[in-house]
Structures are given as structure tokens and as C-alpha cells.
Amino acid sequence: MIVFRDPAEVPSGFGPSVVAIGKFDGVHSGHRAVIDRARVDAATGDARIVAVTFDRNPLALLRPEICPDALIGVNQKLRLLADTGIDATLLLTFDRALADLTPREFVQHVLVDALDVRVVLVGGDFRFGRGGSGDPDALRAFGSEFGFEVEVVEDVRAIEGGRRVSSTWVRELLDAGDVATAARLLGRPPAVWGEVVHGLKRGRELGYPTANLSPELEGFIPADGVYAGWLVDEGSTDGLRPGIRYAAAISVGTNPTFGDVPVRQVEAYVLDETDLDLYGHRVEVQFTHRVRGMVAFEGIDALIVQMGDDVEKVRKALT
């Protein structure tokens, strides 16, 4: 997948294109329905499939006080979009200049001039242009003027209850620690991504050495607790051991037994590995099952017994 970070980077003659537009926070089942429809539309011609998205939620600039935490970071988003098989992503920097474009300016500058668009696919709640004044009906009017079609893709809804699959729903599930249901909405395990850094090395002292992720990680951290999942080692910057996946017991929280961890942290114990050196490596930690909530124990001995029990439960959950 080609990544463009500005319409000016798109080479002349790149189009024609079929474009799916959205925030794509989480690249969940609803988002993939839009992209899948774009793939179908492009299959009957020679058009490229392009996702147009943003480097942040527009609310981070326009209404930061109500902007929700992102489900995924930019690196995660680009990887997930690449996994859908599209040809390119245009990742727009949502700054004041972009926010101030009128709907017409956005359509002409981004969709027509840069991408030579033939079909645009959006969700029913899509808004664009200064003050969010553009909607699907306005987009259709511009399509008639500039020669492209507009398709509004219907929401993906749960069979039970009929709730729309959305980033908001996924966040609610992760806040509750329900990573299994979140995975069903996402079509993959929820995950965080970042660099392994040095911690207090307390896990090593207890017999369960952990890989501690930097606080500057990408992704939405689920509720405090212990989880079963996977650690995918992408290697260090020199490319060592990329792509190795390990079964892992994952802890999320502030280690209440000791009370000396000031911020929530994600740490993963790779099952049956005591000498694995992951410092400086970029890893993805994937959550598949919640084992228990986070509690404080009265003494180290009780904690070690519980950790042994946690590891066995994780082992069973992953087999």
C-alpha cells in the first residue's frame, strides 16, 4: 500500500480512483464494510482503491474537550488499512488549514484534483468541510458537478439488539475489559503497539519477567486486569527477529500490591521464557481473553501463587 500524507504527494495520473473516506478509528467491521464496497466498485474497472483518512480525530482540534481517546494510533491505522488490500491511503493532517476548507474546496482539492475520483464511499454520518457543513447529500451534488458517484454504505449492526458497530461501542467494551466481544466487532484482537522499555524488574524477581511497554504506546488500553493474549515481536530498529509471535500473560494497571507505579502500564510475560531480551524492540500486544480484574495482595507469597494460577489460565485460554 502506498501512503500519501498530502494531496500534493499524489503523482499526476495516479487515478482514476474509488475512494472510501472516514476516520477509520479501529478499522472495525463497519469501516471494512465501506472498504469492501470500494473494492467491489473498483473490480469492474481500472480504478485504484484509496482510503482518505486523518492523522487524528478532527475533534482533537475542533472540540478537544469532547474528543474520545483513539482506539488506534497512526502506525496501527496504516497497518490495518494495508491489511485490507487497498492500493493507497491518503493520510491528511487535520490542522486548521484543512478544517477551514469549504466543502467544495475539500472535494476539488482532495478528491478531484489529486485522486481523479470516480466513486466516493462514505457512512451515513459523514461530514466534511468547514464546520462540518458538508454531508452525503452535498457530496452527491458535487458528484453531479465533477463527474463522480457517491455511495452511502449502510451501518453494520449486531444481530442481537441491532446496535450499530462503532468505535464508541468498542471503547465501551474495552473500558469494561470485555476484549473478547471487542475482538468480534473489530474482526481481530484489540491491541496496543509500542517499544519495550526497562521497568522495575519486579517480575523477574518473582520468576515472571515481563516486557514493559513505553507509556507512549499506540492503542486503547483495556480495563485494569490480567489478560491472555499474544506478544508479536517486530524486532529492533536493526530488524532482529521480526514477526515472532509469543503466547503471553498480560497485566494492565498500576501494580496495587506494591503501590509504586504512578501510571497505568502494560506488561506482558511471555509464557515459559525467562531469558528473552526484548528491550528496544517494537512489539504489538494483543488481548484475547480477560482472566481477572486487578487486585492488591497481602504479601509477595500470595501474589506469586496467584501469578502461577493466572499463567495456567492463560495457557488454557490460548489452546
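May I ask you to give the solvent-accessible area per residue for the range 68-180, in square angstrom, as obtained with a 1.4 angstrom probe?
Per residue, the range 68-180 has an accessible area of 48 Å².
So for the chain: antiparallel DSSP bridges make up what percent, rounded to the nearest 5?
60 percent
Can you give me the C-alpha center-to-center distance between the range 259-317 and the range 7-39, rounded to a whole angstrom?
Each part reduced to its Cα centre gives a spacing of 38 Å.
Go through 269-280, 219-230 and give me the packing order, highest mean Cβ count within 10 Å leading.
Per-residue mean Cβ counts within 10 Å order the peptides as 219-230, 269-280.
Once you have a ≥ b ≥ c as the square roots of the Cα gyration tensor eigenvalues for the range 1-111, tell me rounded if a/c is under 1.5, and otherwise prolate or oblate according to whether a/b is larger than b/c.
oblate
Using the Cβ atoms and a cut-off under 15 Å, what net charge is assigned to the surroundings of Phe142, where Lys and Arg are +1 and Asp and Glu are -1?
Net charge in that neighbourhood comes out at -3.
When you count, for each residue, the other Cβ atoms within 10 Å and take the mean per peptide, how do 104-112, 302-310, 43-51 rank with the highest first?
Top of the packing list down: 104-112, 43-51, 302-310.
Percent relative contact order of the chain, based on C-alpha pairs within less than 8 angstrom and at least six residues apart?
Contact order relative to length: 16 percent.
Using a Gaussian network model on the chain with a 10 Å cutoff between Cα atoms, which of Glu149, Glu267, Glu65 fluctuates the most?
It is Glu65.
Per the helix-only calculation at 222 nm, which mean residue ellipticity applies to the chain, given -39500 (n - 2.57) for every DSSP H run of n ≥ 4 and division by its residues, nearest 500 deg cm²/dmol?
Counting only the DSSP helices, I get -7500 deg cm²/dmol.
Expressed as a whole percentage, what fraction of the accessible surface of the chain belongs to carbon and sulfur atoms when a 1.4 Å probe is rolled over the protein heavy atoms?
50 percent
Farthest toward the dipole's positive end in the chain, which of Gly123, Val226, Gln265, given Cβ charges of +1 (Lys, Arg) and -1 (Asp, Glu) about the Cα centre?
My answer, from the dipole projection, is Gly123.
Which cross-chain or sequence-distant (5 or more) residues have an amide H under 5 Å from the amide H of Thr288, H modelled 1.01 Å from N in plane?
Ala228, Gly229, Trp230
The values are calculated or read from the model by the stated rules, or taken from the named source; none is laboratory data. All values derive from a computational prediction rather than experimental measurement. Every residue, glycine as well, gets a Cβ built from its backbone with ideal geometry; the counts of neighbours run over all protein chains shown. Remember, those area values only see protein heavy atoms, side chains included, never the ligands or the DNA or RNA. Shrake-Rupley method; radii C 1.70, N 1.55, O 1.52, S 1.80 Å.
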